[in-house]
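In what follows, a structure is listed as structure tokens, so that the remarks can point back to it.
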Amino acid sequence: MADCLEAAKAVMKTHHRFCTCDPESFFRDTTYDVYIQRDRWDAYAYITVGRGSRHFPIGVHPVLAESVPWKQRALTVVFMHELLHALHPEWGHERINPEQRLRANKGGYADALVELVRLWVNGKLLSCGS
């Protein structure tokens, strides 16, 4: 999972330059704990963002934790979503979701977006509607 987080950071550093923050320095100054979450079946993953925090725990749904190439690509896209929450705690999902899709497409992860939808359609991942 750590490789997926690093891949997501790389995409964000390359393709998230429009904002007032600098992703390069942000990721240099922050730390992350990635763990399998068992308490939220309605979330692909979730990040704990505290005001002014520089440390971010990220819980990952067990379905995405499997070390299979297509699931790792899907997890990378999910991490992009969570990193957007860390970079922009003031943004809601109405802004984060389109930015996640844009970054995934620019980063070459369009196939992973399709796989995430497939997991949702097959009932392996639930959507909390956000």
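Bear in mind these aren't lab numbers, they're just calculated from the coordinates by the rules spelled out. Since this is a predicted model, take the numbers as computed values, not measurements. Using ideal geometry, Cβ is built from the backbone for each residue, glycine included, and neighbour counts are taken over all protein chains shown.
Among residues of the range 21-36 being in contact (Cβ under 8 Å) with a residue 24 or more places away in the chain and charged (D, E, K, R), the one that is farthest from Ala2 (Cα to Cα) is Asp29. Does Ala65 satisfy being in contact with a Gly (Cβ under 9 Å, 6 or more places away or on another chain) and under 19 Å from Leu116 (Cβ atoms)? No. If you check Leu125, Leu83, Leu75, Leu113 for being of a type in the set (A, V, I, L, M) and free of Cβ contacts under 8 Å to residues at least 60 places away in the same chain, only one passes: Leu113. The residues of the range 67-126 that are of a type in the set (Phe, Trp, Tyr), under 22 Å from Tyr35 (Cα atoms) and surrounded by fewer than 19 Cβ atoms within 10 Å (Cβ to Cβ), listed by number, are Trp70, Trp120.
Mind listing just one residue for me: the one in the range 41-52 that is touching a residue at least 24 places away in the same chain (Cβ under 8 Å) and of a type outside the set (Phe, Trp, Tyr) and, of those, farthest from Gly108 (Cα to Cα)? By that ranking, first place goes to Arg51. Taken over the range 103-118, residues that are in a helix (DSSP H, G or I) and of a type in the set (Gly, Ala, Ser) amount to 3.
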